[in-house]
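Below is one structure, written out as structure tokens, with a few remarks after it.
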Amino acid sequence: VLDETIPVSPEDFFLLFFSDSSTFLSRYHSERGDTDINIGVWHEVPDMGYMREMSYSAKTNAPIGPPRSMVNETARYSLTTATRHLVIETQTVLLDIPYGDYFRVEARWSVTDNNNTAASTTTTNNNNNDPPPSSHVVLTLGVNFLKSTMFKGKIQVNTMQQTSESYRKWLVMATEELKKPDVEATLKRRSLKSSTSSSRSSTPRTSSSESIVVGGGVGGVGGVGGVG
């Protein structure tokens, strides 16, 4: 769905777009026309990593069923320190559409440091010999069916199409966000803080393990597809 290079480190990618202190996700959902947006805070769950829940009411964009549906998302993330690899995955449940309990929409963000150096952690480059921060962002989508239905093909096509369009809107908004003067100022202020003093909501907790098992609550289903 997305395969992009974004001029921030994986840590700042999380800070700008997915941290508790960021307002980007709420603004993104509002721009899509979502209402009743409720975004929880990241919290540690034993044996599961860091998770958060969110819910919102989304337009269905379907000729049958209700005009809107409540949507629940569950998120988990992990950042591996050795490779500076951030992974966020989403599992989205559509509560009110026909056959909504038959499937889940799953998304996986993989954000890797193009420079692969622990020294470059912000968009502020204090050493002229160091390359500017840059991350390779790959987003993949899937529809996981829990029950069999004759409408599987139609649900899959509609959901993938509308969700892909939603994430392309996310990319446009993220690109515009990075151009804002206050964003650069925010990252400069962050560069003055040591990693030990950074707030829990601003910086993702890390793991030294190379094995990452996560899930995420991030982009959301753009206009719910279903069988319409």
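The values are calculated or read from the model by the stated rules, or taken from the named source; none is laboratory data. Here the structure is a predicted model, which is why all the values come from computation and not from measurement. Reconstructed Cβ throughout: ideal geometry from the backbone, glycine too, with neighbour counts over all protein chains shown. Just so you know, the surface numbers come from the protein's heavy atoms only, side chains and all, with ligands and any DNA or RNA stripped out. Shrake-Rupley method; radii C 1.70, N 1.55, O 1.52, S 1.80 Å.
Listed values, structure above:
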quantity: Qualifying position, being surrounded by fewer than 19 Cβ atoms within 10 Å (Cβ to Cβ) and in contact with a Lys or Arg (Cβ under 9 Å, 6 or more places away or on another chain), among Asp12, Asp3, Asp20, Asp47; calculated: Asp20
quantity: Residue ID - modelled with the lowest pLDDT, chosen from residues in region 155-172 that are aliphatic (A, V, I, L, M) and exposed (fewer than 15 other Cβ atoms within 10 Å of the Cβ); calculated: Val157
quantity: Residue identified as assigned to a helix (DSSP H, G or I) and either more than 23 Å from Ser69 (Cβ to Cβ) or modelled with pLDDT under 95 (or both) among Leu25, Leu16; calculated: Leu16
quantity: Within region 51-77, tally of residues that are open to solvent by less than 20 Å² (accessible area, probe 1.4 Å) and in a strand (DSSP E or B); calculated: 10
quantity: Single unsatisfied condition, Val41 versus (1) open to solvent by less than 10 Å² (accessible area, probe 1.4 Å); (2) among the hydrophobic types (A, V, I, L, M, F, W, C); (3) within 26 Å of Asp101 (Cα to Cα); calculated: (1)
quantity: Residue in region 137-154 that is modelled with pLDDT of 95 or more, surrounded by fewer than 18 Cβ atoms within 10 Å (Cβ to Cβ) and under 30 Å from Thr186 (Cβ atoms) present; calculated: yes
quantity: Of the criteria (1) in a loop (DSSP other than H, G, I, E, B); (2) closer than 25 Å to Glu176 by Cβ; (3) modelled with pLDDT under 95, which one Ala119 fails; calculated: (2)
quantity: Residue tally, condition modelled with pLDDT under 95 and surrounded by fewer than 17 Cβ atoms within 10 Å (Cβ to Cβ), over region 81-100; calculated: 3
